[in-house]
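Have a look at the structure below, then the notes.
The values are calculated or read from the model by the stated rules, or taken from the named source; none is laboratory data. Predicted model, so just to flag it, every value in this text is computed and none were measured. Cβ sites come from the backbone with ideal geometry, for glycine too, and all protein chains shown count toward neighbours. We work out accessible area using only protein heavy atoms, side chains counted, and drop any ligands, DNA or RNA first. Shrake-Rupley method; radii C 1.70, N 1.55, O 1.52, S 1.80 Å.
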Amino acid sequence: MVRKAWISAVSHYVPDKVLTNFDLEKMVDTNDEWIRTRTGIKERRILDPGLATSDMAAEAVKKLCMQRNIDPMDIEVIIVATVTPDMFFPSTGNLVQEKSGSKNAWSFDVAAACSGFLYALSIGTQYIRAGTHNKVVVVGSDKMSAITNYRDRNTCVLFGDAAGAVLLEPTEDDDKGIIDSMLFSDGSGADYLKMKAGGSLHPASLETITSDWHFIYQDGKTVFKFAVQKMADVSVDILEKNGYQGSDLNMFIPHQANQRIIDGAVKRLGIDYDKVMINIERYGNTTAATIPLALSEAYQQGRVEKGGLILFATFGGGFTWGSSLVKWGLEKPTT
Ligand SMILES: CC(C)(COP(=O)(O)OP(=O)(O)OC[C@H]1O[C@@H](n2cnc3c(N)ncnc32)[C@H](O)[C@@H]1OP(=O)(O)O)[C@@H](O)C(=O)NCCC(=O)NCCS
């Protein structure tokens with residue numbers, strides 16, 4: 001019997017405030033029709049000023065504990081994937097530990113842009129597999145509105161704020177568990193999607209501020225081409241590597257950056273859209289929160305089957321990309 005990790009609970013948090021395409025039409029030279037046809041996005045959620053990535057993450061962790069009926073004091077490790085930490089240090093993980101009341105946990109952050117959650121999931125899985133820990137929380141949370149330039153139509157239409165979280169626990173049951181992850185990065189893509197300033201290379205200065213270097217910069221076309229290729233490849237490759245094919249899937253949960261990028265991967269997998277979780281129209285790209293948010297909604301909608309095969313696939317700044325394969329272990333929610 002092999003000790004594995006399984007996802008024993010999943011939750012999400014989204015802010016109440018909605019920013020629609022029609023709101024954006026009043027802010028930049030864009031229109032609802034262009035945004036919907038070029039990206040698939042209709043609206044996104046925006047967190048209030050004065051609140052931060054850790055606040056959304058802590059709400060998701062509290063919901064996780066309620067769902068699993070555990071005390072936050074039972075959590076042993078908290079791993080937060082984010083590109084919008086509340087501050088450089090302390091880590092957002094430490095702040096989430098405090099705000100969620102998880103006093104016994106140790107905590108840290110993982111930075112891998114939109115691939116952050118899958119990177120963190122693979123790290124959390126190792127602690128369970130190694131037998132050193134029994135309750136590991138993995139969170140993806142980003143307040144993208146904090147680093148989005150609402151004067152730049154190339155980026156402000158794409159991103160939103162959210163958090164999602166999973167609880168990992170051990171199992172030796174063959175019918176559930178994290179089966180595999182394939183993770184990649186290519187630093188030669190660094191300049192196509194980045195936030196240039198604020199770090200040790202370009203500390204804040206009058207120049208960095210007046211040059212808008214504290215906002216997301218993206219060469220959309222280059223990122224698009226890379227994303228379509230890599231997300232489709234890594235989706236097919238992990239199935240083949242584990243002896244599966246598209247038709248074996250219960251649910252495909254892709255990163256939600258652009259509907260046309262999702263369509264490319266779905267076509268390569270040869271699956272129907274009833275097996276694909278898509279919520280980009282309501283949330284846009286929420287970076288590290290995207291996959292756990294989509295998983296949590298798919299679970300709440302009763303679309304993931306106990307024993308079902310679930311495929312996650314992502315790509316992001318770095319360039320980073322990857323996929324994970326999971327056998328789902330939870331019954332459908334009763335309420
Ligand atoms: C950003 C993105 C939506 C742009 O769509 P696109 O089809 O590639 O559009 P282009 O960049 O070719 O721009 C086409 C035209 O639309 C214009 N345009 C860009 N943003 C616009 C907007 N919000 N509203 C209206 N027109 C816009 C461009 O200026 C360009 O005009 P031009 O032809 O006169 O130069 C697309 O490139 C994309 O999704 N890239 C990947 C992004 C991504 O996934 N990033 C996150 C990684 S995690």
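Of all DSSP bridge pairs formed entirely within the range 4-174, close to 65 percent run antiparallel. Where a ≥ b ≥ c are the square roots of the eigenvalues of the C-alpha gyration tensor, would you call the range 205-334 rounded, which needs a/c under 1.5, or, failing that, prolate if a/b is larger than b/c, or oblate? It is prolate, given that a/c is not under 1.5 and a/b is the larger ratio. Solvent-accessible area assigned to carbon and sulfur over the range 4-174 amounts to 52 percent, based on a 1.4 Å probe. For the range 1-70, the list of trypsin sites (Lys or Arg not before Pro) that fall in a loop by DSSP and count at most 13 other C-beta atoms within 10 angstrom reads 3, 17, 26. Measuring nothing but protein heavy atoms, the accessible surface of the range 178-327 at 1.4 Å probe radius is 52 percent carbon and sulfur. A simple count of charges around residue 95, restricted to other residues whose Cβ falls under 11 Å of its Cβ and scoring Lys, Arg +1 and Asp, Glu -1, yields -3. Judged by the gyration tensor of its Cα atoms, with axes a ≥ b ≥ c, the range 4-174 is prolate; a/c meets the 1.5 cut and a/b is the larger of a/b and b/c.
Under the criterion of Cα pairs below 8 Å and six or more residues apart, the relative contact order for the chain equals 25 percent. Rounded to the nearest 20, the Cβ-based charge dipole of the range 63-136 about its Cα centre (Lys and Arg +1, Asp and Glu -1) stands at 180 debye.
Each Lys or Arg adds one and each Asp or Glu subtracts one; over the other residues with Cβ under 13 Å from the Cβ of residue 12, this totals 0. With loop defined by DSSP as not H, G, I, E or B, and exposure as at most 15 other Cβ atoms within 10 Å, which is the longest segment of the chain clear of exposed GluC sites (Glu not before Pro)? By the stated rule (loop sites, at most 15 other Cβ atoms within 10 Å), 1-171.
Please label the shape of the range 43-100 as rounded, prolate or oblate, based on the square roots a ≥ b ≥ c of the eigenvalues of the alpha-carbon gyration tensor (a/c under 1.5 means rounded; beyond that, a/b larger than b/c means prolate, else oblate). Verdict is oblate for the range 43-100. Considering only beta bridges that DSSP places wholly inside the chain, some 70 percent are antiparallel. As a length-normalised measure over Cα pairs under 8 Å and 6 or more apart, the relative contact order of the range 4-174 settles at 34 percent. For the chain, the per residue solvent-accessible surface stands at 42 Å², with DNA, RNA and ligands left out and a 1.4 Å probe.
Close Lys pairs in the range 178-327 (alpha-carbon distance under 20 Å; sequence gap of 8 or more, or different chains): 14. Charge dipole (Cα centre; +1 on Lys/Arg Cβ, -1 on Asp/Glu Cβ; no other charges) of the chain amounts to roughly 180 debye.
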